[in-house]
Structure formats: C-alpha cells, structure tokens
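Novice: Sharing a structure below in structure tokens format, with a few things to ask.
The values are calculated or read from the model by the stated rules, or taken from the named source; none is laboratory data. Because the structure is predicted, anything quoted here is derived from the model rather than measured. As a convention, Cβ positions derive from the backbone with ideal geometry for all residues, glycine included, and neighbour counts pool all protein chains shown.
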Protein chains: 2
Amino acid sequence: MRIAVDAMGGDNAPKEIVKGCLRAAREFSDVTLVLYGKEEAIRNELSEDLPNIEIVHSEEVVKSDDDPVRSIRRKKESSMVKAAYSVKNGENHALFSAGNTGALLAAGTLIIGRMKGIDRPGLLATFPALSDKRAVFNMIDVGANADSKPLNINQYATLGTYYSKHVHGIVKPTVGLLNNGTEENKGNDLSKSSYALLKENDAINFIGNVEARDLLDGVADVVVTDGFTGNAVLKTIEGTAISLMSVIKGAIMDNGIKAKLGGLMLKDSLKEVKDLLDYSKYGGAVLFGLKAPVIKTHGSATEEPVYHTIRQIREMLESSLLEDLIRHFENQ
Amino acid sequence: MRIAVDAMGGDNAPKEIVKGCLRAAREFSDVTLVLYGKEEAIRNELSEDLPNIEIVHSEEVVKSDDDPVRSIRRKKESSMVKAAYSVKNGENHALFSAGNTGALLAAGTLIIGRMKGIDRPGLLATFPALSDKRAVFNMIDVGANADSKPLNINQYATLGTYYSKHVHGIVKPTVGLLNNGTEENKGNDLSKSSYALLKENDAINFIGNVEARDLLDGVADVVVTDGFTGNAVLKTIEGTAISLMSVIKGAIMDNGIKAKLGGLMLKDSLKEVKDLLDYSKYGGAVLFGLKAPVIKTHGSATEEPVYHTIRQIREMLESSLLEDLIRHFENQ
C-alpha cells in the first residue's frame, strides 16, 4: 500500500514529518511512503535510505494561513495538492498531512472526492475513555462542517460505526447523539431532527442521546454531533486537561518540600496519566466519507504522532473499511 | 432584601437547602430568606429560629422529571410557582431554586417576566480561570435556549458585561465569542452573524472570537455562545475534570506503596486543586435578562453551594446591576 505524505505541512515540517515517516517505513515494510515537498529539504532530514520511501519534488507549500479553497485551486504545484492528485489518480491509496486543516478538507472533497451517498465528509477523532467501560471512543464531526444537517449527522453515525468495527474491532459499536439532555425530546432543532433519523438507521446500534459530561467516562463507542459543537467539545477536553495538569504541577512546585517530594514519588503515576490523555497515539483525525482515507494530524505534530498516524492509515487500508462503506452507501 | 427560596427543589431538599439558608441567614442579617415548601418538613430541618427566616407553606412540588411549562401552568400550589409569584408581586426581590431547571426557566420567563429589550434570557455561569490572567470568567448562555439567535447572543454580551462589572468588579470586561477559530471569518452561520452584531455593540469591550481550548486559561472575562454549545462546553469541563481527578486518584492508589506515600504527601496540594475547580463557590447559574434575579444551583447542591448562591444573590441585589441593566435596555 502506498501513502502520499504532505511533507511540508505543519509547524515542524519537514523535519518531524520525515522522522516519523522513517520510523514507520522501518517498521512497516508493506507500506511505501511517498513524500511530497521540497526534495532538498526532505533529503536533508532523511538520515537513512529506505527502499519504501520515495520523494516527489513539489515547489510550492500551502501555508497555515492560506485561504483553503483558493490555495487548493491555485497552488497546483504545492505538496498538498500534488499529493491529493496522486491519490485521486490511484497512484497512492491515502493522503496524510499535518498542514492547513481547511485546505486539506478542500483538497479531500474537491480533488479526491466524496464517496457515493455521502453529502459531506466529517472529521472523526479518537479519544481515550477514562473508565473501565471501553478503551476509546470516536467522535464525528469534530470540525469539518460548521453547519451540519441532520442528514450529515446520520451519515456520520454510519461512518463512525464502520470505523469502530474495522479499526477498533468493536463488534456492535454503540452510537450516541451528543445532546443537552438524555431524554428523547431534548435538544435544539438540529439534534431533535437528527435523533429521528438515527432512530431509523438500521446500520447502527443507536443508544439515544448522550451528554458531554459522560464522554470521557466512555458512554458510547461512537458519538455523533455537528462540526461546530464537536469542535468546541474537542477543544474543551484539550484545554481542560492542559489547564488541570498545569495547576497540579503548580500545586506540587509551590507547596514546599513535602509537596515536591510527594510529586517526585508520584512522577511515574502522573506520567501514566499524561500518557493516557495523549490521544496522538490513536493517530490523526480522519476526514471521513471520501473515496480514500485522508488523515490530518496536529499542526504541532512531532515524530511520535506522525508515526502513529501512519500506523492508523495502514490499519484502515489493511481492513476492508473503505470497500465495505462504499458497498453500504451504494446499496442505500 | 428578601429572597424567595424554593425549599423543595433539588435532590437534597429540603434538608440541605434549609441548612444553607440557616448559614446565610446567620451571616447576612440584611437578608430575609422566605422558604417555600412543606412547612413541617422545613421546620424539621430548622435547627434554629432566626428572625430573618420565614416559611410559606406550599403543598405541591415540581419534580425533576415534570414537564417544565405544564408544571408551571398547573402546579399553582407548588413551592417553585408560589415563590415565583411572590417575586412577580414585589413581595420578594429574587428567586432561588435547586429544582427542575426547565421549570425554573419557564417560571422565570412566564411568571416574573423578561426585562424590556431582552428577547430571551440566557443562563450565565461563573468558572475559575486557571491562570494568572484573571480569577474567574462568565459564560452565557450555558443552556437556557438550545436555539439562540445572533440577536440573543448580542444581548448576552451586554448582560455578561454588566454582571462582570457589578459582581466581579471588572472595570472594562473583555467579551469573546466562542468560535471554532480566532479569525473573524471563522464559524458557523450563527457565530458569523453574531460577530457582526457584537462588533457594533457599544456597551461591550469585544475582543473577537475565542476558542474553547483557551477558556480555562482565562482568555476573556465574558464568553458568549448559544445555549446548545455553551451547555456542551460546561458539561465537557465538568466531565473532563471529574474523569481526570479520578484517573489521578487511581494512579496513586494502584501504583504501590511509593505512589501511595507520594499521594499522601500531596494530599493538601490536590485538595487545593479540587477547591480551585469547585465553582459552586461562585454561586449558581443566573437566569439573566428577567425583571428580577432568578438563580439555579445544581440539583445535587448541599449546604455549601446553597450558602454561596445566597451570598451571590445578595451581591446582585446590593449592587445596582438590575437597575443599570433596565436603564440600559430602556434607552436602546
């Protein structure tokens, strides 16, 4: 399998992207990584010559503040656009970038194209569930469409169900609709209309409304919501975890020798907590509902998340996820 | 000043409500608390006879699963409805309940009534800011209107500004619009239209879009958003904090004697963190934009939050908050 990598996307490109690719290429001999970007800059970071790493020179770069759609239309020689066309043409099987999210969404939708039966792709992210109920859960949409419609949310539910089955091995994933209460009649116009569609969706195991309070407790395998709310929830989880860990660190450092000693003795345990929260090990966010996997990782991604994202793409390509989804939506 | 208390609302009513009222009545001799509810049940919890505690017997109770509007219309003899009418009639100056949120919103809007110039009241909650930038921030709407309009969000901004000035003493509170990016052109249809109105609002100090990731870092004094997103963010903060603290506790308990000892030495520091997160000390959520203060506290509230909520209502009544707001909206 061949993965097209935008080697110039993200704050640490190409250095960390190349390092992550090297690690993945060493481990997965069945994967060929095709790095799109400035050849010299990439070669400078390539500490090793591996048979399953290729480079395709591309002169331009889509910058993080470029207008998404315009940059995709005009920067034909950019690493992201050339990588996207290689997937559209069938030369490569998936697209990976840590660059401009909006531009990647546009490249995915406009160049690679939507799966038949999908109106708008959604962004799926995997989170750790901090309880015994389940190890992880998937939320979709975490930001592809700021104005999702009930139809989109219902399609996200099917997409998330297939993802949870194929990538996480859950036999009958539970699907919850993020809402402001658990009762059926709760919500805004959008969530009420979405509920009605989800209830009739035979492809999913719908368990009704779920509340944001219970997400990290592992209330469902798949949580569906519109892209505006999902984005706010994703960023609230990140922000709360970061603020809390920093307050705890402050409380350890500012409370005298006893607290400092206690902190030292707890170092391994707190590291464990930090690792548990680090969801980069579950890979990047999948722009889901396209003809091929398109994956976005954090702009600040370093070697480790890049490696995990490639591992995740390999899992998606190895399974029959895309084929099964295409078959499902063709039969609708 | 006289505060009408729904003594039967909440999971721990009337016991914890009465205990919190006793503490507040002892401390604030300028406040008279009028407890609405079953007289005998209230008397059983009243360990002391205080001149500034009165009881008004009411036979019925609005239950947590009662239909909000219907219960307000039909349960005329309930503690909540009778307390609301006492505020409407001017016998009392504010309404406090730990009961059914929807019913309290309905009682506030249908019985006490909206302030002139306010289309829909919003629910305002105060959170700790876990950085040096500011001590607290206010978010409105955290759940009164699942389908807020740009007009409502603009009114929330003015309401939040006055609250921050009068209750938290901030001279020129900054107002941020919760959005999925900080750039002006970001957002869904609702946030884009709201941005345009906020930019023209002379009564506020608008600083543009803010992201959920930066809320607890204290990015603004007032954060405005629609009630659906605000509710999701509020519950995500709660859920993430609870899950994280429980994971840390688990890491301390399950990692042998060294970690346990470390946890013991850190006990005071972790308690400090927990106290910092406990936003019940900032009082309850204000249903804001009505002719009188209507305050809701958690259904699970115990003596402590009840006491803090009465303290908060006293601060609202002591300041010229309501008068200033009424004057502002009359001049619009």
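Novice: Restricting attention to region A:46-74, which residues are basic (Lys, Arg) and more than 23 Å from the chain's Cα centre (by Cα)?
Specialist: A:Arg70, A:Arg73, A:Arg74
Novice: Continuing with the same structure: Residues of region B:90-149 being within 19 Å of B:Leu35 (Cβ to Cβ) and within 11 Å of the chain's Cα centre (by Cα), which ones?
Specialist: Matches in region B:90-149: B:Phe96, B:Ser97, B:Ala98.
Novice: Just the residues that are charged (D, E, K, R) and either within 7 Å of another protein chain (Cβ to nearest Cβ) or crowded, with 24+ Cβ neighbours inside 10 Å (or both), please, taken from region A:231-253.
Specialist: If the condition is that a residue be charged (D, E, K, R) and either within 7 Å of another protein chain (Cβ to nearest Cβ) or crowded, with 24+ Cβ neighbours inside 10 Å (or both), then A:Lys235, A:Glu238 are the ones that fit.
Novice: Select, from B:Ser64, B:Ser47, the only residue that is of a type in the set (Ser, Thr, Tyr) and within 17 Å of B:Glu304 (Cα to Cα).
Specialist: B:Ser47
Novice: So, one more: Scan region A:144-179 residue by residue and report those that are over 14 Å from A:Leu198 (Cα atoms), within 14 Å of chain B (Cβ to nearest Cβ) and surrounded by 24 or more Cβ atoms within 10 Å (Cβ to Cβ).
Specialist: Hits for region A:144-179 are A:Ala144, A:Ser148.
Novice: Just to be sure, is B:Asp141 crowded, with 24+ Cβ neighbours inside 10 Å, at pLDDT 95 or above and within 14 Å of chain A (Cβ to nearest Cβ)?
Specialist: yes
Yes/no per residue for (1) under 11 Å from the mean Cα position of the chain (by Cα); (2) in a loop (DSSP other than H, G, I, E, B); (3) away from chain A (no Cβ under 14 Å):
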position: B:Leu264; (1), (2), (3): no, no, no
position: B:Lys271; (1), (2), (3): no, no, no
position: B:Lys274; (1), (2), (3): no, no, no
position: B:Val306; (1), (2), (3): no, no, yes
position: B:Thr309; (1), (2), (3): yes, no, yes
position: B:Arg314; (1), (2), (3): no, no, yes
position: B:Leu317; (1), (2), (3): no, no, yes
position: B:Leu322; (1), (2), (3): no, no, yes
position: B:His328; (1), (2), (3): no, no, yes
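Novice: Here is a follow-up. Which of the residues that make up region B:202-238 are in a loop (DSSP other than H, G, I, E, B) and polar (S, T, N, Q)? Can you show your working first?
Specialist: Pass one, region B:202-238, residues in a loop (DSSP other than H, G, I, E, B): B:202-204, B:211, B:215-221, B:225-226.
Matches in region B:202-238: B:Thr225 only.
Novice: Now for a separate question. Among the numbered criteria (1) over 24 Å from the mean Cα position of the chain (by Cα); (2) surrounded by 15 or more Cβ atoms within 10 Å (Cβ to Cβ), which single criterion is violated by B:Val5?
Specialist: Result: B:Val5 passes all but (1).
Novice: Here's a follow-up. If you scan region B:193-230, which residues turn out to be crowded, with 17+ Cβ neighbours inside 10 Å and free of Cβ contacts under 8 Å to residues at least 12 places away in the same chain?
Specialist: Within region B:193-230, B:Arg213, B:Asp214 meet the criteria.
Novice: Have a look at B:Gly113, B:Gly10, B:Gly117, B:Gly99 and point out the one that is on the phi > 0 side of the Ramachandran plot, buried (at least 17 other Cβ atoms within 10 Å of the Cβ) and out of contact with any Pro (no Cβ under 8 Å at 6 or more places or on another chain).
Specialist: B:Gly10
Novice: Restricting to region B:10-40, what's the tally of residues that are over 15 Å from B:Leu50 (Cα atoms), in contact with a helix residue (DSSP H, G or I) (Cβ under 9 Å, 6 or more places away or on another chain) and free of Cβ contacts under 8 Å to residues at least 60 places away in the same chain?
Specialist: 5
Novice: Let me confirm something: among A:Ile326, A:Ile310, which residue is of a type in the set (Val, Ile, Thr) and modelled with pLDDT of 95 or more?
Specialist: A:Ile310 is the lone residue from the list that is of a type in the set (Val, Ile, Thr) and modelled with pLDDT of 95 or more.
Novice: How many residues are farther than 11 Å from A:Asn205 by Cα and assigned to a strand (DSSP E or B) when one looks only at region A:160-182?
Specialist: So the count comes out to 2.
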